[in-house]
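In what follows, a structure is listed as structure tokens, so that the remarks can point back to it.
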Amino acid sequence: MQTILLNFFQSIASPGLDFLAEGMTMLGETGVYILIIASFFWGISKKTGMILSSTLLISLFLNNLLKIIFHSPRPFEVLDNLEGKRLETATGYSFPSGHTQGASSFYTTLIYLFHNRMLRILCILAILMVGISRLYLGVHWPVDVLGGWILGITSAWMIASLIDRLWEVPEKLDRFLLIFILLVALAVMVMVLLELFLFKDSLKRDDFFKGSGLLLGCFTGFLVERRLTDFDASQGAPLLKILRVVIGLAGVALLQGGLKMLLPDVFFSHLLRYGIMGLWITLFFPWFGCRIHLFSKRILKEN
């Protein structure tokens with residue numbers, strides 16, 4: 001049944017549909033997430049930005065972990081008559097689909113946060129289109145996409161609602177972040193030991209270390225930032241908000257490119273590079289922005 005469905009998409013392929021599918025799959029890629037999250041976190045609502053990023057990062061960490069556990073091959077690696085497309089986005093294992101799970105987590109969180117009918121329709125369409133595009137491009141089996149939908153939607157709703165409740169109780173929110181930092185750090189240490197002494201470059205593990213580094217950096221930044229700066233993303237004129245988003249994203253791009261050139265292409269470098277990027281987003285840039293008055297500090301309301 002899975003092969004029949006993939007062969008069907010292969011049979012209707014055309015340059016126009018290829019272009020459409022590649023555009024659809026981009027809705028589930030990092031650039032879109034970073035742009036939207038950065039706009040919220042630095043320019044609209046720190047709480048919304050944190051919920052969006054946290055649900056996405058936790059979901060993708062679980063996705064990368066499951067990929068390594070199942071280490072299933074992709075369709076184009078198994079089926080001789082199937083042509084995989086946009087292969088630069090197919091770097092790890094097949095199950096579950098990372099694009100589908102990431103999109104399901106991200107857009108489900110938007111549905112949870114904003115009670116707007118049109119937005120909900122657009123988010124549901126985005127979730128469906130990303131999954132279908134991965135089948136059309138031949139980079140995932142139908143079961144991968146189904147698993148991504150289920151895991152992404154379920155995990156997002158649970159995590160978003162939890163962080164939403166914990167936001168008003170900082171001590172409990174800090175405890176949640178710390179627990180996840182420790183769990184991910186433990187998983188990373190285990191994976192490093194397995195890589196050094198057992199796998200020895202035999203597994204596709206780069207995405208795991210990239211995702212883990214970004215989660216550790218962001219969550220550590222969340223913990224420290226409130227004590228160090230506690231900036232208010234809602235303050236400032238519209239042009240100022242746009243300016244800080246542009247500057248912040250420029251910093252992400254420079255770190256991404258610069259560190260990639262400076263560091264060797266090994267798993268530890270991926271962990272370090274993405275960890276620094278996470279710290280820039282949640283801690284270093286807000287701290288720097290407060291110093292040059294891009295951000296203002298949050299004013300606590302008295303009882």
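The values are calculated or read from the model by the stated rules, or taken from the named source; none is laboratory data. Just so it is clear, the model here is predicted, and its values are computed rather than measured. Reconstructed Cβ throughout: ideal geometry from the backbone, glycine too, with neighbour counts over all protein chains shown. Heads up: the accessible areas ignore ligands, DNA and RNA and are worked out on the full protein's heavy atoms, side chains in. Shrake-Rupley method; radii C 1.70, N 1.55, O 1.52, S 1.80 Å.
Centre-to-centre separation between the Cα atoms of the stretch 63-87 and those of the stretch 204-260: 31 Å. Given +1 at the Cβ of Lys and Arg, -1 at the Cβ of Asp and Glu and no other charges, the dipole of the chain around its Cα centre is 840 debye to the nearest 20.
Note on the stretch 62-129: the C-alpha convex hull projects to 5.4 nm² when averaged across all orientations.
Of the accessible area of the chain, computed with a 1.4 Å probe over protein heavy atoms only, carbon and sulfur atoms account for 72 percent. Compared with the dominant Cα axis of the chain, that is its longest principal axis, helix 15-25 is turned about 40°.
What whole-number volume per residue, in cubic angstrom, does the convex hull of the C-alpha atoms of the stretch 187-303 give? Present the calculation step by step, with values, prior to reporting the outcome.
Numbers: hull volume 14.0 nm³, N = 117.
In the stretch 187-303, the Cα convex hull volume per residue is 120 Å³.
Taking Cα centre as origin and charging only the Cβ of basic (Lys, Arg, +1) and acidic (Asp, Glu, -1) residues, the dipole magnitude of the stretch 200-286 rounds to 60 debye.
Stretching Leu166 away from Ile121 to a fully extended chain increases their span by 13.4 nm, per 0.36 nm per residue minus the current alpha-carbon distance. In this structure, no residue pair taken from Lys47/Lys210; Lys85/Lys204; Lys172/Lys210 has a Cα-Cα separation over 29 Å. Ordering Ile247, Gly278, Leu119 by Cα displacement along the dipole of the chain toward the positive end leaves Ile247 in first place; charges were set at the Cβ atoms of Lys, Arg (+1) and Asp, Glu (-1). Restriction of the GluC sites (Glu not before Pro) in the stretch 115-207 to DSSP coil positions whose beta-carbon has at most 14 other beta-carbons within 10 angstrom yields Glu168.
Using C-alpha pairs under 8 Å with a sequence gap of at least 6, the mean separation divided by the residue count of the chain gives a relative contact order of 23 percent. Taking only the alpha carbons of the stretch 115-172, we obtain Rg and Dmax values of 15.2, 46 Å in that order. Sparse packing (at most 16 other Cβ atoms within 10 Å of the Cβ) combined with a DSSP loop state is found for the following chymotrypsin sites (Phe, Trp or Tyr not before Pro) in the stretch 47-122: Phe114. Which shape class, rounded, prolate or oblate, goes with the stretch 1-106 when its Cα gyration tensor gives a ≥ b ≥ c as root eigenvalues, a/c under 1.5 marks rounded, and past that a/b bigger than b/c marks prolate? Taking the square roots of the gyration eigenvalues as a ≥ b ≥ c, the stretch 1-106 is oblate.
Cross-link reach is defined here as a Cα-Cα straight distance under 19 Å, omitting same-chain residues fewer than 8 places apart; for Lys67 the aspartates and glutamates meeting it are Glu29, Glu77, Glu88, Asp144, Glu195, Asp201, Asp206, Asp207.
Here the scattering of the chain is modelled by Debye summation over its C-alpha atoms, one equal scatterer each and no solvent; at q = 0.07, 0.10, 0.14, 0.15 Å⁻¹ the log10 of I(q)/I(0) is -0.28, -0.57, -1.10, -1.24. Here, the stretch 214-264 yields an orientationally averaged convex hull projection of 4.6 nm² when only Cα atoms define the hull.
The stretch 167-214 gives an Rg/Rh value of 1.17, both radii derived from C-alpha positions and Rh following Kirkwood. Extension gain for Met26 to Ala187 (0.36 nm times residue separation, less C-alpha to C-alpha distance): 55.1 nm.
A simple rule links phi to the HN-Hα coupling: the Karplus curve 6.51 cos²θ - 1.76 cosθ + 1.60 with θ = phi - 60°, which for the stretch 70-83 gives 8, 5, 8, x, 7, x, 5, 7, 10, 8, 5, 8, 9, 9 Hz, with x for Gly and Pro. Residue by residue, the stretch 283-290 carries 3J(HN,Hα) couplings of 10, 4, 5, x, 5, 5, x, 5 Hz when phi is fed to the Karplus relation 6.51 cos²θ - 1.76 cosθ + 1.60 (θ = phi - 60°); x denotes Gly or Pro. Taking amide H as placed 1.01 Å from N in the peptide plane, the amide H of Phe231 sits under 5 Å from that of Arg298, each at least 5 places away or on another chain. Once the 1.4 Å probe is applied to the protein heavy atoms, the chain comes out at 50 Å² accessible per residue. Each Lys and Arg contributes +1 and each Asp and Glu -1, all at the Cβ; summed about the Cα centre of the stretch 145-303, the dipole is approximately 260 debye.
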